[in-house]
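Notes follow the structure.
Every number in this text was worked out from the coordinates using simple rules, so none of it is lab data. Since we're looking at a predicted model, the values are computed, not measured. Don't worry about glycine lacking a Cβ; one is built from the backbone with ideal geometry, like all the others, and counts go over all protein chains shown.
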Amino acid sequence: MSDLLDQAIVVTAIAGGIRLAVPLLLAGLGETFGQRSGVLNLGVDGIMLLGAFAGYYTVLQIGNVWLGLAVGLVVGAVLGLATAFISVTLGAEQGISGIGVYLFGLGLSDLLFQKLVGTPRPIDSFPRVPIPGLSSIPVVGEMFFRHSLVVYLAFLLVPASIFVINRTTFGMNIRAVGENPEAADSVGVSVARVRYATVLIGGVLAGMAGAALAIDLGIFQQNLTNAQGFIAVALVYFGAWRPLGVMGGALLYGLVNSVVLQLKTLGIIPRSWSDIAAMAPAVITILALVLVARRFRQPAALAKPFLREA
């Protein structure tokens, strides 16, 4: 009986960790595209918050979770374009402008929630879609193959991102612009166009991440993301600007978070330690970031505006 209980706890923790990793993975993959082209977007958390509210409110009013996800994606695209205009066209200092986008998203999402909803009201979540055959495998099936379509999509985006960055002309242009925009410009690559495209991708995936988070939880509240957008930015460094590394970092954070939640639920972690325990995922991620990221070189033109000479 004890062995079955221990197995159930492990299965629940791993399955929960995979689910918790999804918003970080989506936002981190989007930010990877932007940073590989030389644009640092610290406004990811603000975009996630507005995407989360947009998705939540759409489901609350209409009841369609997929429409809610789509609306969050559109909101992310709009904010991505705004971010690109500020960072690429205006050439603003990217760290400061990113914090401005974050504060805008934090304030506006809270204002809209207070005015349009008022108090947290539950909504439908994404339905689970077991994969035929694979979901029936004992233990493994329950951990990996009984999730929602959003979870599967998020992890399928990893090989898709690897292919785009490493095997396509667009990906070659991204890498060139991120390393030496002057040289890329000299051979006819539009630095502005490439950076607009990558920041737009980042905005879309950040908005999708926020909507996925709110709909999966079935609720919205002030500062729902709890700085997950900043963690996603850090995971890009952790993953050495590679989608596979970002996925590893997102899974690490999600699994640690899930284990902490399980320990709190079982009463193994005393209530007096709950605040300290809640810091564990972020602390472990930061330590891993320090140990791993220092071994890799960031894109040479990261956070450096490019102004084309006439």
| remark: With the dipole of the stretch 105-242 defined by +1 on each Lys or Arg Cβ and -1 on each Asp or Glu Cβ, the option from Ala183, Trp241, Leu205 whose Cα lies farthest towards the positive pole is Leu205
| Which FRET efficiency, nearest 0.05, do Arg308 and Val129 yield, Cβ-Cβ r, R0 41 Å? | 0.30
| Size of the stretch 7-92 as Cα extents on the principal axes (Å, biggest first) | 54, 33, 15
| request: Answer rounded, prolate or oblate for the stretch 58-217, using the Cα gyration tensor with square roots of eigenvalues a ≥ b ≥ c: rounded when a/c is under 1.5, else prolate when a/b is larger than b/c, else oblate. | output: oblate
| query | In a GNM of the chain with a 10 Å cut-off on Cα contacts, which of Ala192, Ala160, Ala77 has the highest mean-square fluctuation? | reply | Ala160
| Which whole-percent values make up P(r) of the chain when all C-alpha to C-alpha distances are grouped in 10 Å steps starting at zero? | 7, 26, 34, 23, 9, 2, 0, 0
| request: Between Leu112 and Leu217, take the C-beta separation as r, use R0 = 22 Å, and let me know the FRET efficiency to the nearest 0.05. | output: 0.80
| task | Compute the separation of the alpha-carbon centres of the stretch 74-111 and the stretch 193-238 and state it in Å as a whole number. | result | 12 Å
| note | Sorted by chain and then number, the residues having a modelled amide H within less than 5 Å of the amide H of Ser148, at least 5 places away or on another chain, are Val129
